[in-house]
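Input: a single structure, listed below in structure tokens.
The values are calculated or read from the model by the stated rules, or taken from the named source; none is laboratory data. Small disclaimer: the values here were computed from a predicted structure and weren't measured. Every residue, glycine among them, receives a Cβ derived from its backbone with ideal geometry; neighbour counts consider all protein chains shown.
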């Protein structure tokens with residue numbers, strides 16, 4: 001039964017259980033984006049500007065992994081972090097840390113692939129100048145990543161959107177433990193199955209609002225940067 005009034009009341013009155021889930025979700029997803037950016041941005045820049053054996057294969061793999069099924073990532077991370085796995089001694093399974101790792105693995109290919117395309121396009125503008133100046137490969141990558149920083153917000157927002165909407169991987173490695181590893185998406189799935197629609201709807205409203213706000217902010221920042229440039 002629909003209960004929009006009940007969902008809105010939970011959001012407006014600051015229901016502690018609801019906002020605890022929201023805070024954990026933001027922490028996990030933003031941490032995953034930061035971790036993925038540390039790998040994906042330089043990887044994308046390297047693929048755009050350097051030539052090495054196996055480059056084409058690596059590009060194909062990165063592009064293919066943009067559609068990597070979350071449950072497959074969850075299973076792989078679970079096997080790595082389980083008690084009998086190679087990283088089981090770290091004790092990360094069924095913790096927010098495991099959820100961050102799973103989401104970071106999911107979104108790193110997205111950030112890397114979008115970064116590669118952005119940097120390749122920008123390289124066409126800078127190529128002659130950098131070649132004439134004898135700029136080294138690492139300096140080229142750093143310069144173009146910095147110059148494309150506003151455009152690369154799109155890649156980061158795409159990664160955040162994928163992370164924030166993810167269910168399967170975090171359910172497997174986090175366990176959906178109430179008050180500890182329950183995120184907005186896993187809570188929505190659980191509460192809907194239990195028939196607690198006000199909480200599920202309230203979380204859904206906040207999730208949509210967060211994604212829209214972040215993407216609108218990125219778009220506004222990009223528009224402002226373009227206006228400043230000219």
Would you be able to tell me the number of residues in segment 21-33 that are loosely packed, with under 15 Cβ neighbours inside 10 Å and either under 14 Å from residue 198 (Cβ atoms) or in contact (Cβ under 8 Å) with a residue 12 or more places away in the chain (or both)? 1
I'm trying to understand the selection: among the residues of segment 174-199, which are more than 22 Å from the chain's Cα centre (by Cα), within 17 Å of residue 24 (Cβ to Cβ) and surrounded by 13 or more Cβ atoms within 10 Å (Cβ to Cβ)? 190, 191, 199
Could you tell me which of the residues 86, 69 is touching a helix residue (DSSP H, G or I) at 6+ places or on another chain (Cβ under 9 Å) and touching a residue at least 24 places away in the same chain (Cβ under 8 Å)? 69
Does segment 165-176 contain any residue that is over 15 Å from residue 102 (Cα atoms) and assigned to a helix (DSSP H, G or I)? no
Per-region count, segment 43-60, residues touching a residue at least 24 places away in the same chain (Cβ under 8 Å) and closer than 16 Å to residue 109 by Cβ: 7
The residue that is farthest from residue 46 (Cα to Cα), considering only those in segment 143-164 that are out of contact with any helix residue (DSSP H, G or I) (no Cβ under 7 Å at 6 or more places or on another chain) and either in contact (Cβ under 8 Å) with a residue 12 or more places away in the chain or not in a helix (DSSP H, G or I) (or both), is 149
Could you check, for segment 91-101, whether at least one of its residues is at pLDDT below 90, surrounded by fewer than 21 Cβ atoms within 10 Å (Cβ to Cβ) and in contact with a helix residue (DSSP H, G or I) (Cβ under 6 Å, 6 or more places away or on another chain)? no
Any pair with Cβ under 9 angstrom, 6 or more apart, that starts in segment 213-230 at a residue that is outside any helix (DSSP H, G or I) and ends at one that is surrounded by 13 or more Cβ atoms within 10 Å (Cβ to Cβ) and at pLDDT 75 or above: none
Tally the residues that are more than 26 Å from the chain's Cα centre (by Cα) and either in a helix (DSSP H, G or I) or modelled with pLDDT of 90 or more (or both), restricting the search to segment 110-142. 12
Enumerate the pairs (first residue in segment 165-188 and on the phi > 0 side of the Ramachandran plot and without any contact (Cβ under 8 Å) to a residue 24 or more places away in the chain; second residue anywhere and in a helix (DSSP H, G or I) and crowded, with 17+ Cβ neighbours inside 10 Å) with beta-carbon separation below 6 Å, excluding pairs fewer than 6 apart on the same chain, so at least 6 apart or on different chains. 176/186
For residue 206, are the conditions met, namely being surrounded by 16 or more Cβ atoms within 10 Å (Cβ to Cβ), within 24 Å of the chain's Cα centre (by Cα), touching a residue at least 40 places away in the same chain (Cβ under 8 Å) and assigned to a helix (DSSP H, G or I)? yes
